[in-house]
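Worksheet: one structure, shown below.
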């Protein structure tokens, strides 16, 4: 049987370990026959990323600081030599100063703002622009986001603003790239035990709250997020663009749960 991504090739930015969403998506794509090029942020990350890329038989593993336009251009020059054209681009990149994720939001510095917005949001524009000449008709660009870009989440602060900018950029890019047959979407995963998520203060509490408020009464798995990434990268979502696709057990659609009413007001809501 032909696999869903047989003959498809693309590049992923932001994989750093096997316990992350980027890896889960890459694995789902690879398992369905996709060829994937990998990048790493710096030499420190190279030792973590290279074994993953080699495990998936990647023909290209190279350094890319997404804030460096020259390095981005160089990556896509090398990608073109190895793969020719591109069917998918996965943006799994985000960063902010730890101090800007906690405390009063109004204390964020201009430097912290520029850093978070530049790496976490503007980089999607830079990467998409560089990839555009290589993208095939029917191609897909996917950016990873989180509910904190739509509403307040404790200890997310500047990253919430960065994700909001990322999601808005997805919509504007989708309007542009649609003319060449390329879809642009955001994948909004709920709390899941990744190394990056554990870096957020109170992450264990967020997991418990998410399970408590979820219509499905459970937290999601990395495999579920990977499968959603496969859907958005493949022809299964050929009519979907400009979308923020939630994989969070339904938490994004709940303002007040029945359990909230019981806890705060001691009222049973039927």
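A short reminder: the numbers here are calculations on the coordinates, not readings from a lab. Predicted model only: the values in this text are computed from it and were never measured. Please note: Cβ atoms are built from the backbone with ideal geometry, for glycine as well, and neighbour counts cover all protein chains shown.
Centre-to-centre separation between the Cα atoms of the stretch 75-104 and those of the stretch 1-22: 13 Å.
Between residue 253 and residue 98, what length comes free when the chain is fully extended (0.36 nm per residue of separation minus the Cα-Cα distance, one decimal in nm)?
Details: separation 155, 0.36 × 155 = 55.80 nm, distance 2.87 nm.
Separation in residues times 0.36 nm, less the Cα-Cα distance, equals 52.9 nm.
Entry note, the chain: relative contact order of 18 percent, from Cα contacts under 8 Å with a spacing of 6+ residues. Look at 218, 213 and count the other Cβ atoms within 10 Å of each Cβ; fewest to most, that gives 218, 213. Remark: the residue 6-residue 77 segment gains 23.2 nm on full extension, using 0.36 nm per residue and subtracting the alpha carbon distance. Give, as ranges by residue number, the residues of the stretch 132-157 whose backbone N falls under 14 Å from the point 7 Å along Cα→Cβ of residue 107. Hits in the stretch 132-157 for residue 107 at 14 Å: 155-157. Neighbour counting of Cβ atoms within 10 Å sorts the residues 106, 203, fewest neighbours leading, into 106, 203. Take the alpha carbon atoms of the stretch 144-195, find their center, do the same for the stretch 228-246, and report the distance between the two centers in whole angstrom. Distance between centres, Cα-based: 14 Å. Per residue of the chain, the DSSP helices (runs of n ≥ 4 H) give a summed -39500 (n - 2.57) that works out to -12500 deg cm²/dmol at 222 nm.
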